[in-house]
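Below you'll find the structure, written out as C-alpha cells, and then a few comments.
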Amino acid sequence: MFDKRRKIFRTWRVDDVEIPERSQIYNLAPQHLNTINVESLTSYINRLAEEHCVTVGKFISQIIAPRLSLLQKQDVKHNIYAHIFKSCYSINGTSKLANDVVDVLNSLTLNNKRKLTLIDFPGLISVSDIKRIRHWCPICFETYRQNQEPIYEKLIWFLKNVTICVDHKIPLQSTCNHCGFQQKYL
C-alpha cells in the first residue's frame, strides 16, 4: 500500500522552493504615486505607524531612529529622535535627512519611497521652500473619509507657494477645527 502512494505522490523537495525576500515592516502602498496628488513621506510615516498599531513617536523611536543613527554623523546620533521631530518638515524635501529616512524606509519595506519627497528636485526646491507647519484641504479629507479611502496628505501641500487646494480651489488649512492649534508633520 505504501508503495502505491509513493508512486502517486511525488516527494516535495524544500530546496527547490524559492522564497522571496521578506520586508521587515509592512509595505504599505503610497497614495497616488506618480501623480500631482502623491502622498508626502511624513503622511506615509503616519499611516505606516497606524498600520502597525503604534504611535508615530514609537514607530520613529523604535524603528526609524535606530537605523537612521547608523547613517547620521556622530554629533546627531546621541539624540536622533529629537532631531527627526525638530526637522521633520525637511523629511518631505531635499535634505540629507529626507535622503536618509528614504534609505531607511526603502530597506525596511523593500520598496522605493523616493517619490514621496522632493529629493529629485534639489536645484529647484530647497528646505526654505517647505512649510514648517502642516497644511491640508478639509474637503479632500472629508471626501477620503466618506469614500472610505486612506486619509493622507499630498506632497504638494507642503510647498510654501501652494496655498490653495488644486482640486477644490479653497485655501489650505493649518489650524485644527477641534483644538484650534497648528499641527506638526509627525
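Of the solvent-accessible surface of segment 34-186, computed with a 1.4 Å probe and all protein chains present, 54% belongs to carbon and sulfur.
Can you tell me which of Cys53, Cys88, Cys165 moves the most in a GNM of the chain? Springs connect C-alpha atoms under 10 Å apart. The residue that fluctuates most here is Cys53. Rounded to the nearest Hz, the phi-derived 3J(HN,Hα) couplings of segment 110-126 under the Karplus curve 6.51 cos²θ - 1.76 cosθ + 1.60 (θ = phi - 60°) are 6, 9, 7, 10, 4, 6, 8, 10, 9, 3, 6, 10, x, x, 8, 10, 10, where x marks glycine and proline. Note that segment 88-101 has calculated 3J(HN,Hα) couplings of 4, 4, 7, 5, 7, x, 10, 6, 4, 4, 4, 4, 5, 5 Hz, one per residue in order, obtained from phi through the Karplus relation 6.51 cos²θ - 1.76 cosθ + 1.60 (θ = phi - 60°); glycine and proline are x.
Normalising the Debye intensity of the chain to I(0), with uniform scatterers on Cα atoms only, and taking log10 at q = 0.10, 0.17 Å⁻¹ returns -0.46, -1.15. On a per residue basis, the chain carries 63 Å² of accessible surface, using protein heavy atoms and a 1.4 Å probe. You can think of it this way: the chain between Thr55 and Gln183 has 44.5 nm of extra reach, that is 0.36 nm per residue less the Cα-Cα gap. Only lysine pairs 8 or more places apart, or on different chains, with alpha-carbon atoms under 17 angstrom apart are counted in the chain, and they number 20. What's the longest uninterrupted piece of the chain once you rule out the GluC sites (Glu not before Pro) that are loop residues per DSSP with at most 10 other Cβ within 10 Å? Maximal segment without exposed cleavage sites: 22-186. Kirkwood radius for segment 138-186, taken over all pairs of different Cα atoms as the inverse mean of 1/r, rounds to 11.9 Å.
Report the one residue of Pro171, Leu159, Ser128 whose Cα lies farthest in the direction of the positive end of the charge dipole of segment 107-179 (charges on C-beta: Lys and Arg +1, Asp and Glu -1; origin at the Cα centre). The residue sitting farthest along the positive end of the dipole is Ser128.
The values are calculated or read from the model by the stated rules, or taken from the named source; none is laboratory data. Here the structure is a predicted model, which means the values were calculated and not measured. Note: ideal-geometry Cβ built from the backbone for every residue, glycine included; neighbour counts use all protein chains shown. These area figures cover heavy atoms from the full protein model, side chains too; ligands, DNA and RNA do not enter into them. Shrake-Rupley method; radii C 1.70, N 1.55, O 1.52, S 1.80 Å.
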